[in-house]
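Engineer: Sharing a structure with you now.
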Amino acid sequence: MLALAGAAAVAFSLPLVWWAVSGPRRSGGARNLSLTLGITDMRQAVLAHSSTDRLQPLVRALAGRARRLTPVGMVDRLDHRILLAGAPALWTVERLLAAKLVLGAIGLAFGLLRFLGSPSSGALLLTLVLVAVGYLAPELIISSRASERQKQIRLELPDTLDQITIAVEAGLGFDAAAARAARSGHGPLAQELSRMLQDVRAGMSRSEALRRLVGRTDVAELRHVVLALLQADSYGVPIAQVLRVQSGELRVKRRQQAEERAMKIPVKLVFPVVLCILPTLFIVVIGPAAIRLVRQFAGGGL
């Protein structure tokens with residue numbers, strides 16, 4: 001445990017060592033920075049920035065190495081997962097790649113220490129598992145967040161579409177109705193609607209903004225609604241009628257999904273009943289009789 005704790009301390013102290021070595025250097029860029037900030041001491045100029053900004057060069061260097069080791073398709077898939085997760089500011093592609101590399105190296109260090117302490121096939125397998133877990137952990141976290149966000153969008157879509165339908169039938173335009181639904185909502189779907197309206201205000205056409213909305217999500221129901229709206233816009237069909245039909249279909253589909261989940265419950269209950277409830281029931285019902293039989297046979301000399 002002491003060796004593992006020492007290895008962890010060394011691994012986490014490497015960024016601090018890099019910052020301490022590279023911080024006091026002074027060059028023309030440093031002089032320009034000090035003149036711009038009005039600070040004559042380079043250390044004060046460095047400390048004027050946040051710790052996140054000071055670690056950006058290290059993050060970019062690690063991300064470049066991880067990008068060279070990662071296939072292009074995996075990087076694109078990671079970028080798409082970040083987009084589905086809402087593109088959070090703390091989860092950029094560079095930071096995610098750097099985290100994968102650092103956590104994989106930490107897992108390798110722990111595994112090698114365990115292997116050097118007691119060389120065996122189990123220790124080697126543990127090393128491989130730690131490296132794989134450390135390398136894949138950031139991607140699994142962002143994938144879980146993306147899946148949860150898409151689930152929330154799927155749950156919010158029927159009610160939001162009902163609000164837009166009522167507002168359009170009351171006389172509002174589609175953009176005004178979507179803006180009203182975005183203001184009244186607080187979930188990821190409201191955020192995506194606000195972003196879509198911002199694209200429209202920036203000069204993008206409504207059809208292109210709706211296509212980009214579909215590209216930022218992975219919900220089949222939302223894709224069907226957007227395709228229906230695009231077709232209605234192309235053929236001149238009243239949007240209120242299309243929204244009413246789509247809203248009705250979403251309610252029917254939501255009811256069908258609820259019935260499907262209810263039908264799966266008995267199947268899911270089979271394993272807990274067989275593995276947990278039935279053995280306990282057998283012990284309670286048959287246990288006293290078995291104990292009595294054992295006592296009788298033991299008393300009879302058998």
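Engineer: Return the sequence-ordered ³J(HN,Hα) values of the stretch 173-178 in whole Hz as given by the Karplus equation 6.51 cos²θ - 1.76 cosθ + 1.60 applied to θ = phi - 60°, using x for Gly and Pro.
Structural biologist: Calculated HN-Hα couplings, in order: x, 5, 5, 5, 5, 5 Hz.
Engineer: Right, another one. Can you put THR160, THR92 in order, fewest other beta carbons within 10 Å first?
Structural biologist: THR92, THR160
Engineer: Related question: If packing is taken as the mean number of other Cβ atoms within 10 Å per residue, what is the order of 274-284, 167-177, highest first?
Structural biologist: Per-residue Cβ counts within 10 Å, averaged per peptide and sorted highest first, yield 167-177, 274-284.
Engineer: If neighbour count is taken as other Cβ atoms inside 10 Å, put ILE291, ILE141 in order from fewest to most.
Structural biologist: The fewest-first ordering by Cβ neighbours comes to ILE291, ILE141.
Engineer: Ok, one more. What ranking do 181-187, 262-268 get when scored by the average of other Cβ atoms within 10 Å per residue, highest first?
Structural biologist: Going by the mean number of other Cβ atoms within 10 Å, highest first, we get 181-187, 262-268.
Engineer: At 7 Å along the Cα-to-beta-carbon direction for both ILE286 and ILE141, put a label point, then send me their distance in nm to one decimal.
Structural biologist: 4.9
Engineer: Using 0.36 nm per residue of separation minus the Cα-Cα distance, give me the extension gain between VAL133 and SER121 in nm, one decimal.
Structural biologist: Additional length available on full extension: 2.5 nm.
Engineer: Over the C-alpha atoms of the stretch 181-297, what are the Rg and the largest Cα-to-Cα span, Dmax, in Å?
Structural biologist: When restricted to Cα atoms, the stretch 181-297 yields Rg and Dmax of 27.4, 92 Å.
Engineer: In addition: So how far, in whole Å, is the C-alpha centre of the stretch 234-302 from the one of the stretch 188-214?
Structural biologist: Going from one Cα centre to the other spans 42 Å.
Where a number appears in this text, it was derived from the coordinates with a stated rule and is not lab data. Note that the coordinates shown come from a computational prediction; the quantities given were computed from them, not determined experimentally. So basically every Cβ, Gly included, is an ideal-geometry build from the backbone, and we count neighbours across all protein chains shown.
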